[in-house]
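In what follows, a single structure is set out as structure tokens and then discussed.
The values are calculated or read from the model by the stated rules, or taken from the named source; none is laboratory data. This is a predicted model, so every value here is computed, not measured. Note that we place each Cβ from the backbone using ideal geometry, even for glycine, and neighbour counts take in every protein chain shown. Accessible surface areas use protein heavy atoms only, side chains included; no ligands, DNA or RNA. Shrake-Rupley method; radii C 1.70, N 1.55, O 1.52, S 1.80 Å.
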Amino acid sequence: MEELTADEVHSAIKDWLGQAGLVDVSREQPDARITGWIMHPEFTGISHATRQAWLWDGFEQSGSLEQWKGLRGTFRERSAQIGLILTYSPAEYENALGISA
């Protein structure tokens, strides 16, 4: 299977989230999965389970987020190389990372 790069994942998610979104993903070791976090104002008031479903399985356009196929639809079998990607609203981002969104 072709190796998936963190840059490919970053670009795909950033294209979905647009300018209002922040994306930080990386592969810490060559054999490790790609992990990280994303933040978007549209995540405010949305459950973590729903956000993960959007991230992995796709999102039908409504509000300020673009429609997209999700990580599984975008990367197919290579999506197995992706581990946990946390999803934050701006307030959660500030609380978790201590940085103002």
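Odds and ends about this structure:
- Single condition Pro30 does not satisfy, out of (1) more than 9 Å from the chain's Cα centre (by Cα); (2) in contact (Cβ under 8 Å) with a residue 12 or more places away in the chain: (2)
- All of (1) farther than 19 Å from Gly18 by Cβ; (2) in contact with an Asp or Glu (Cβ under 8 Å, 6 or more places away or on another chain); (3) crowded, with 19+ Cβ neighbours inside 10 Å hold for Phe59 with one exception: (1).
- Hits in segment 28-40 (condition: in contact with a helix residue (DSSP H, G or I) (Cβ under 9 Å, 6 or more places away or on another chain) and open to solvent by 60 Å² or more (accessible area, probe 1.4 Å)): Arg33
- For segment 10-27, the tally of residues that are open to solvent by 50 Å² or more (accessible area, probe 1.4 Å), under 20 Å from Gly73 (Cα atoms) and without any contact (Cβ under 8 Å) to a residue 40 or more places away in the chain stands at 3.
- Members of segment 74-101 that are open to solvent by 20 Å² or more (accessible area, probe 1.4 Å), over 15 Å from Gly21 (Cβ atoms), modelled with pLDDT of 95 or more and not acidic (Asp, Glu): Thr74, Arg76, Arg78, Ala80, Gln81, Leu84
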